[in-house]
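The values are calculated or read from the model by the stated rules, or taken from the named source; none is laboratory data. Nothing here was measured: the structure is a model prediction, and the numbers come from that model. Here the Cβ is made from the backbone with ideal geometry for all residues, glycine too, and neighbour counts use every protein chain on show.
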Amino acid sequence: MSYLHREERRETILQAATEVALSAGFAAMTVRRIAAQAGVAAGQVHHHFASSTELKAQAFLRIIQTKLKTADEAQPAGWRDRLLSMLGYQEEAYDPYLRLWREAPLLAEKEPAFKAAYAQSMEIWHGELVRIIREHESTAALADSAENIAWRLIALVCGLDGLLIFELGGMTTATFDAHLEKAIAREFPFIATQTQG
């Protein structure tokens, strides 16, 4: 590998870590595998990241930030479609991101550094939802704050996803989407009125 400046090498390693995470999950994110993917010596990984957990945490945050930004930009300009996209509507479009998102709480439970990254990713997601909610011209008519609504929607999506994983309560992708649609209609009555017409 040609000579890279410190920040360039760190970025190369972080990019390799995100690629390994997306292709094979957190368990596959060994220093050796990431170093091979990055084309650097394993010692370079240790030099740039205090631990493999720190590297996993930084890669996870990068992946989540990139996916949220991409989800927002890739959707049609319609407010409702952007909101649904940010909530993971039509889940199949989010693989392998969902696999990592589902693995993350298990790693967060064991590793304090990863727990902080997971919490930060939830805050980022919340912030993006709040931003989208506030962009609608009827936001002033909402019965609650955009912050509270965003947390309720996140809680619903996470809960529904748990039911979907374990196939409880007859949960399928279609029923997941139907529950999400009902929650959005309750939170944003002006949408239900607009879409029925």
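Exactly one condition in (1) aliphatic (A, V, I, L, M); (2) touching an Asp or Glu at 6+ places or on another chain (Cβ under 6 Å); (3) modelled with pLDDT under 95 is not met by ILE149; state its number.
(3)
Residue-wise test of (1) of a type outside the set (Lys, Arg); (2) modelled with pLDDT of 90 or more; (3) more than 30 Å from THR139 (Cβ to Cβ).
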site: GLU19; (1), (2), (3): yes, yes, yes
site: THR53; (1), (2), (3): yes, yes, yes
site: GLY88; (1), (2), (3): yes, no, no
site: PRO96; (1), (2), (3): yes, no, yes
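Name the residue, out of ALA59, ALA38, that is over 28 Å from HIS126 (Cα atoms) and surrounded by 14 or more Cβ atoms within 10 Å (Cβ to Cβ). Steps first, answer last, please.
Details: ALA59 fails: over 28 Å from HIS126 (Cα atoms).
That would be ALA38, the only listed residue that is over 28 Å from HIS126 (Cα atoms) and surrounded by 14 or more Cβ atoms within 10 Å (Cβ to Cβ).
For THR12, indicate whether it is among the hydroxyl-bearing types (Ser, Thr, Tyr), over 18 Å from the mean Cα position of the chain (by Cα) and modelled with pLDDT of 90 or more.
On the way: among the hydroxyl-bearing types (Ser, Thr, Tyr): yes; over 18 Å from the mean Cα position of the chain (by Cα): yes; modelled with pLDDT of 90 or more: yes.
So THR12 passes the test.
Does ARG152 count as basic (Lys, Arg) and free of Cβ contacts under 8 Å to residues at least 24 places away in the same chain? Full working, then the answer.
Details: basic (Lys, Arg): yes; free of Cβ contacts under 8 Å to residues at least 24 places away in the same chain: no.
Taking the combined requirement at face value, the residue does not satisfy it.
With the condition kept exactly as written, say whether any residue in segment 67-82 is closer than 16 Å to SER23 by Cα, under 18 Å from the mean Cα position of the chain (by Cα) and modelled with pLDDT under 75. Give the steps one after another, and end with the answer.
Within segment 67-82, the subset closer than 16 Å to SER23 by Cα is 67.
From the residues that got through so far, the ones that are under 18 Å from the mean Cα position of the chain (by Cα) too are 67.
Restricting the remaining residues to those that are modelled with pLDDT under 75 gives none.
The answer is no; no qualifying residue exists.
Of a type in the set (Asp, Glu) and either farther than 30 Å from SER52 by Cβ or surrounded by 15 or more Cβ atoms within 10 Å (Cβ to Cβ) (or both): does that describe GLU137? Give the derivation first.
Details: of a type in the set (Asp, Glu): yes; either farther than 30 Å from SER52 by Cβ or surrounded by 15 or more Cβ atoms within 10 Å (Cβ to Cβ) (or both): yes.
Answer is yes for this residue.
Which residues, counting only those in segment 16-25, are surrounded by fewer than 19 Cβ atoms within 10 Å (Cβ to Cβ), part of a helix (DSSP H, G or I) and touching a residue at least 24 places away in the same chain (Cβ under 8 Å)? Even if it seems obvious, please write down each step before you answer.
Just the residues of segment 16-25 that are surrounded by fewer than 19 Cβ atoms within 10 Å (Cβ to Cβ), to begin with: 19, 22-25.
Filter again for part of a helix (DSSP H, G or I), leaving 19, 22-24.
Within segment 16-25, LEU22, SER23 qualify.
Enumerate the helices (runs of 4 or more DSSP H) found wholly within segment 85-175, keeping only those where 1 or more residues are polar (S, T, N, Q) and closer than 19 Å to ILE63 by Cα.
On the way: elements: 97-110, 112-135, 146-165.
Hits in segment 85-175: 112-135.
Criterion first (in contact with a Leu (Cβ under 6 Å, 6 or more places away or on another chain) and exposed (fewer than 14 other Cβ atoms within 10 Å of the Cβ)) does GLY169 satisfy it?
yes
Within segment 41-55, can you find the residues that are crowded, with 20+ Cβ neighbours inside 10 Å and either in contact (Cβ under 8 Å) with a residue 60 or more places away in the chain or not in a helix (DSSP H, G or I) (or both)?
The one that is crowded, with 20+ Cβ neighbours inside 10 Å and either in contact (Cβ under 8 Å) with a residue 60 or more places away in the chain or not in a helix (DSSP H, G or I) (or both): PHE49.
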